[in-house]
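Below you'll find the structure, written out as structure tokens, and then a few comments.
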Amino acid sequence: MPPTEATTNNGRNLRGTFNWFSSGTQSLEDSTEERLIGWKGETHHVRTKEEPHEKMFRETQEGRARGAWIEQLSWRPRAYLYHNFLSDEECDHIISLSEKRVQRSSVVDSVTGKVKEDPIRTSHQTFLRRAQDPIMAGLEERLGRFSGIPAENGEDMQVLRYQHGQKYDAHHDVGELNTKSGQELASIGGYRMATALLYLTTVEEGGETVFPFSEWIDDEREEESQGFSECGKRGVAAKPKKGDMLMFWSITLKHTIDPASMHAGCPVLRGEKWTATKWMHEKPFKLNDMFSRSLAPKLGHCEDKEASCAEWAKMGECLNNSPFMLGQGGVEGMCRKSCKAC
């Protein structure tokens, strides 16, 4: 259960609600008046520790209805759990867009840059293009406001399904610049600064996201994790709960890769796990230059998987909807032949 006071444990848990910045915020005039206390005869009052953005979260009617609140998990890495960030309807919408399109997950070889299947990753995945529909566009804008990273700096959203026993071994989201895959990513958006991991289902047992080289923000929080699976006890971890979002930073304040941001997806022991991942870069991410387009011919057979591919290609969908048509991040495109990608 969330804490009942605004802050506890030196501000670790922030009992507040989310503000989508589209309603319920102060006007510029109101904000100015608050900074100039006394000019209308008001008496001085002591300001609480609640920061302006925390106040906006708390005041949001939509977030209040969901009981949204923020919990800091760690400084190494900088990791936060945003409870009830998504509505049930948003979670279900993302799954409905993805469930008929998921394919076996692949990884990109850091040395060769080639896409391959690997036992370190046994989930199924697909991608939803940026601003695919109004719901997704609104969600991406909200992520941008909360992270402080503009929506245009984000990649397409990766949706993953984990069934019993499936997992993803420890890895970094940000590519080393001395690797081919890291160089290609950086060339079209700079470093992946932060990751937003959205939990679309509640997992009965297992499936935690764990950081093996991390440090809990305090002992109490670490004690609360004792109910996690053995894998989830290996470090700072978050248990998948429908509607929650785990946000962590892969880059330190000194603009270096944070070793503590290495993380793993623990095996699912009971239930099914659906997640949606948004990687956010330091610069606008140029979708038309996405590295997956250059990798598409390496994915296997050259074919169209939809009868309408030729028609879609003539309409310009190879460029406008490249993740679906050509493929992305190891997921084969549906119309590679018509797009002349192979």
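Simple spin-label estimate for Asp218 and Asn320 gives 5.3 nm between the two label positions (7 Å along the Cα-to-Cβ direction from each Cα). Using θ = phi - 60° in the Karplus curve 6.51 cos²θ - 1.76 cosθ + 1.60, the 3J(HN,Hα) couplings for segment 76-88 round to 10, x, 6, 9, 9, 10, 9, 5, 6, 5, 9, 7, 4 Hz; x is entered for Gly and Pro.
For segment 304-316, putting each phi into the Karplus relation 6.51 cos²θ - 1.76 cosθ + 1.60 with θ = phi - 60° gives couplings of 9, 9, 10, 5, 8, 4, 4, 5, 4, 4, 5, 7, x Hz, in residue order, rounded to whole numbers and with x for Gly and Pro. Computed on segment 156-257, with alpha-carbon pairs under 8 angstrom and 6+ residues apart, the relative contact order is 31 percent.
For Phe127, nonlocal amide neighbours, meaning residues 5 or more places apart or on other chains whose placed amide H falls under 5 Å from its own, are Val159.
Considering the options Gln163, Ala186, Gly207, tell which one lies farthest towards the positive end of the dipole of segment 139-228, charges being +1 on Lys and Arg and -1 on Asp and Glu at the Cβ, about the Cα centre. Ranked along the dipole, the leading option is Ala186. For segment 203-213, putting each phi into the Karplus relation 6.51 cos²θ - 1.76 cosθ + 1.60 with θ = phi - 60° gives couplings of 9, 5, 8, x, x, 5, 9, 10, 10, x, 10 Hz, in residue order, rounded to whole numbers and with x for Gly and Pro.
Dipole check for segment 152-282: with +1 at the C-beta of Lys and Arg, -1 at the C-beta of Asp and Glu, and the Cα centre as origin, the magnitude is about 400 Debye.
Read-outs throughout are calculated quantities, based only on the coordinates presented, and are distinct from any laboratory measurement. Just so it is clear, the structure is predicted and the values come from calculations on it, not from any experiment. Here the Cβ is made from the backbone with ideal geometry for all residues, glycine too, and neighbour counts use every protein chain on show.
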